[in-house]
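Inspection log for the structure reproduced underneath, given as structure tokens.
The values are calculated or read from the model by the stated rules, or taken from the named source; none is laboratory data. This structure is a prediction, so every number in the text was calculated from the model and none was measured. As a convention, Cβ positions derive from the backbone with ideal geometry for all residues, glycine included, and neighbour counts pool all protein chains shown. Side chains are part of the model used for accessible areas, which takes the heavy atoms of the whole protein and leaves out ligands, DNA and RNA. Shrake-Rupley method; radii C 1.70, N 1.55, O 1.52, S 1.80 Å.
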Amino acid sequence: MFRARRLLLRLAARPALPPPRTRGYAEPAAGPAPMAFTFASPTQVFYNGANVKQVDVPTLTGSFGILASHVPTLQVLKPGVVTVYAEDGTATKYFVSSGSVTVHADSTVQVLAEEAVTMDMLDLATAKSNLEKAVSEMAAASDEAAKAEAQIKVEANEALVKALE
């Protein structure tokens, strides 16, 4: 009897269980925050905080696409094509010589290019001619600094010809 009384006191001292909750519908998932995109060169601003769907960039570690809520990163651009996809899906292509791309946690993206032009401003024949000149400059370079400068010209012009073909 003493044991039963002690057991009853223990059970009475426990807090009562809360009433069962009713399950409702989940709140609609919020889509990713829109991507605010800034793209500029020293001579021109192409986008300034514009909402875009996707940006594809060429970097020294490889090309990749950036969407809203992309993992934050900082990369160095290599010569190549930056493709910007608007919200309606239309794509605009730009050729960049070099620069940087920064992706922030708040879905803001900044592409800062040393030089950038729209692809329609470029000519394949001129690009091939410039590539030939750069190759001959590299072959004729006498010191390391001149060779390095010529190598940069060759790489940029190769990327330009590849983008235009």
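Numerical summary
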{"read-out": "Close pairs from the range 67-78: first closer than 20 Å to Asn51 by Cβ, partner of a type in the set (Ser, Thr, Tyr) and buried (at least 18 other Cβ atoms within 10 Å of the Cβ), Cβ under 6 Å, at least 6 apart", "value": "Ala68/Ser107; Ser69/Ser107"}
{"read-out": "Test: residue in the range 125-148 that is in contact with a strand residue (DSSP E or B) (Cβ under 7 Å, 6 or more places away or on another chain), assigned to a helix (DSSP H, G or I) and among the hydrophobic types (A, V, I, L, M, F, W, C)", "value": "no"}
{"read-out": "Complete set of residues in the range 107-148 that are open to solvent by 90 Å² or more (accessible area, probe 1.4 Å), of a type outside the set (A, V, I, L, M, F, W, C) and either under 22 Å from Val161 (Cα atoms) or in contact (Cβ under 8 Å) with a residue 24 or more places away in the chain (or both)", "value": "Glu114, Glu115, Asp120, Glu132, Lys133"}
